[in-house]
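The values are calculated or read from the model by the stated rules, or taken from the named source; none is laboratory data. Since this is a predicted model, take the numbers as computed values, not measurements. Cβ placement follows ideal geometry from the backbone for every residue including glycine, while neighbour counts extend to all protein chains displayed.
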Amino acid sequence: MACAGRRTALRETWMAAAPNTVIVKFVLYEKERNIDIQRESDRFHDIIFVQGGTTTDYRSIVYKTFAFIQVSSLHNWCLLSGPCTAGHERLLFDGSQCPA
């Protein structure tokens, strides 16, 4: 529940102040999905579930980042850190090590 609280804190602070052109998503493994996380996802629509491991640790951040890039290419998103071309939404990726 601590990580849900962290996501809520982010939503209520700097995410709330982000321009409308910025989309923020949290990346969790599909195996991390439980009823509480699913409810949170249904409510905020800002969680991406990717196939892979069961827990988040330092090594899995690389995999989650790669999976995120794959998902973002399907949705015409681009990373906020680089310039975006016309027609792409801007996206900020939160790769925190806190899964749930």
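Pick from the range 37-54 the residues that are assigned to a helix (DSSP H, G or I) and charged (D, E, K, R): which of them is surrounded by the most Cβ atoms within 10 Å (Cβ to Cβ)?
Narrowing the range 37-54 to residues assigned to a helix (DSSP H, G or I): 37-44.
This time we only want the ones that are charged (D, E, K, R), so: 39-40, 42-43.
On the way: 39: 11, 40: 20, 42: 9, 43: 9.
Taking the candidates together, the pick is 40.
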> Does the range 10-36 hold any residues that are modelled with pLDDT of 90 or more, over 13 Å from the mean Cα position of the chain (by Cα) and part of a helix (DSSP H, G or I), and which are they?
Replying inline: 12, 35, 36
> How many of the residues making up the range 26-36 are touching a strand residue (DSSP E or B) at 6+ places or on another chain (Cβ under 7 Å) and surrounded by fewer than 18 Cβ atoms within 10 Å (Cβ to Cβ)?
Replying inline: 2
